[in-house]
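Single-structure report; data block below.
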Amino acid sequence: VQLQASGGGLVQAGDSLRLSCRASGRTFRNYTMAWFRQAPGKEREFVAGINWSGKHYPEYVKGRFTISRDNAENTVYLQMNSLKPEDTALYYCAAYGRPFIATFSSPRNYDSWGQGTLVTVSS
């Protein structure tokens with residue numbers, strides 16, 4: 001699966017941004033899709049995931065970020081609201097080729113990664 005992420009940019013604290021990730025493949029509806037981020041000097045961390053079991057978020061983005069997908073367009077989105085400077089990072093989309101996953105938050109569980117799109121939030 002090839003993934004192409006887009007939508008990053010420079011915004012101010014409190015602003016919103018929507019990231020997109022388009023996937024190749026004919027069975028996209030069966031993929032587990034997720035967003036991760038990595039800030040300089042930090043490990044890659046889970047931001048949001050979606051599959052047949054539903055949507056999953058860690059506490060630090062819950063209520064601010066929303067993941068969604070359009071299976072007809074082979075695209076997953078990440079709507080980010082009330083952005084904070086600590087949300088600044090390179091954001092990656094990831095795919096796992098099955099509709100369920102053991103652990104959303106472990107990067108090792110994903111088969112494919114996009115190239116990353118940079119989100120910078122100024123204070």
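Just to check I understand the Karplus step: with θ = phi - 60° and J = 6.51 cos²θ - 1.76 cosθ + 1.60, what whole-Hz values come out for the stretch 39-51, glycine and proline as x?
8, x, x, 10, 6, 5, 10, 6, 10, 6, x, 8, 7
Residues with amide H under 5 Å of S112's amide H, sequence separation 5 or more or different chain, H placed in the peptide plane at 1.01 Å from N; which?
Answer set, sorted by chain and number: A95.
Could you order the peptides 102-111, 23-32 from most to least packed, using the average number of other C-beta atoms within 10 Å per residue? Present the calculation step by step, with values, prior to reporting the outcome.
Details: 102-111: 14.0, 23-32: 16.6.
Result, highest mean Cβ count within 10 Å first: 23-32, 102-111.
Once you have the Cα-Cα distance between W52 and S16, take 0.36 nm times their residue separation minus that, and quote the gain in nm to one decimal.
Once the chain is fully extended between W52 and S16, it gains 10.3 nm.
Across bins of 10 angstrom width beginning at 0, how are the C-alpha pair distances of the chain distributed, in whole percent?
Bins of 10 Å from zero give 15, 50, 30, 5, 0 percent of pairs.
What number, in percent, do you get for the relative contact order of the stretch 46-107 if the mean sequence gap of Cα pairs under 8 Å and at least 6 apart is divided by its residue count?
34 percent
Can you compute the FRET efficiency between D70 and R98 using 1/(1 + (r/R0)^6), with r the Cβ-Cβ distance and R0 = 22 Å? Round to the nearest 0.05.
Values: r = 20 Å, r/R0 = 0.89.
FRET efficiency, D70 to R98: 0.65.
Where the accessible area of the chain is counted over protein heavy atoms with a 1.4 Å probe, how much of it, in %, is carbon and sulfur? Please list the in-between numbers first.
On the way: 2950 of 6440 Å².
With neighbouring chains kept in place, the figure for the chain is 46 percent.
Enter the accessible area per residue of the chain (Å², integer; probe 1.4 Å; all protein chains in place).
Numbers: 6440 Å² over 123 residues.
I get 52 Å² per residue for this part.
How many angstrom lie between the C-alpha centres of the stretch 75-105 and the stretch 3-64?
2 Å
The values are calculated or read from the model by the stated rules, or taken from the named source; none is laboratory data. Since this is a predicted model, take the numbers as computed values, not measurements. Quick reminder, even Gly has a Cβ in these numbers, built from the backbone with ideal geometry, and neighbours come from all protein chains shown. Keep in mind that these areas ignore ligands, DNA and RNA; they rest on the heavy atoms of the full protein, side chains included. Shrake-Rupley method; radii C 1.70, N 1.55, O 1.52, S 1.80 Å.
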